[in-house]
Amino acid sequence: MNAFVKALRFVGDLDDEFYDDERQRDVWNEASAIGFQLFQWASLVSAAVLPWVAGSTGAWVGLGILVTLTVINVLTIGYSAARKVNLYTASKINRVRGLVVAVVLVIGYVGALIRVQPDTFSDASSWAGGVVGAVVGGGVVGLGVWWMRRRNARFEAEADQ
């Protein structure tokens, strides 16, 4: 085990004797997955609403929630990848649920950024910069999707061998 896996196993307390019983472990893993998803949904909704109901302070709190949520998701996916489980080949992400998550996430980030700098978007050059940023960001996302598909194809090819 590398240091990353060891650290996250320590955080999850996975060496506890509690995990020795298979049924107990399975039920706890299901409960943990449900709790993780509930926390994600509550975080997403809170971060999307806070900038609009609590102004600039809410925007900063919402931004902190979104960044923390993003980092935790990346670490979770990284842990499973380090244990040779590829989330993207093992599950279906192109579902309505994924679209709803993406929309709420964008609402949260955009709302927070608009509230933090409310007078930034008052002139045409700011809007033009926003459009250019959106196009470049979309290109980066497209490249990310292309790279992940290639990686998933390699992962599946390795699994078939």
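The values are calculated or read from the model by the stated rules, or taken from the named source; none is laboratory data. Because the structure is predicted, anything quoted here is derived from the model rather than measured. In case anyone asks, the SASA skips ligands and DNA or RNA and just uses the protein heavy atoms, side chains included. Shrake-Rupley method; radii C 1.70, N 1.55, O 1.52, S 1.80 Å.
In order along segment 14-31, the phi-based Karplus estimate (6.51 cos²θ - 1.76 cosθ + 1.60, θ = phi - 60°) of 3J(HN,Hα) comes to 6, 8, 5, 5, 3, 7, 5, 7, 5, 5, 4, 5, 5, 5, 5, 5, 5, 4 Hz; Gly and Pro are listed as x.
A straight chain from residue 136 to residue 1 at 0.36 nm per residue would run longer than the Cα-Cα distance by 44.8 nm. What's the angle, to the nearest 10 degrees (0 to 90), between helix 124-160's Cα axis and the longest principal axis of the chain? On a 0 to 90 degree scale, this one is about 10.
Surface exposure of the chain, expressed per residue as accessible area with a 1.4 Å probe, stands at 71 Å².
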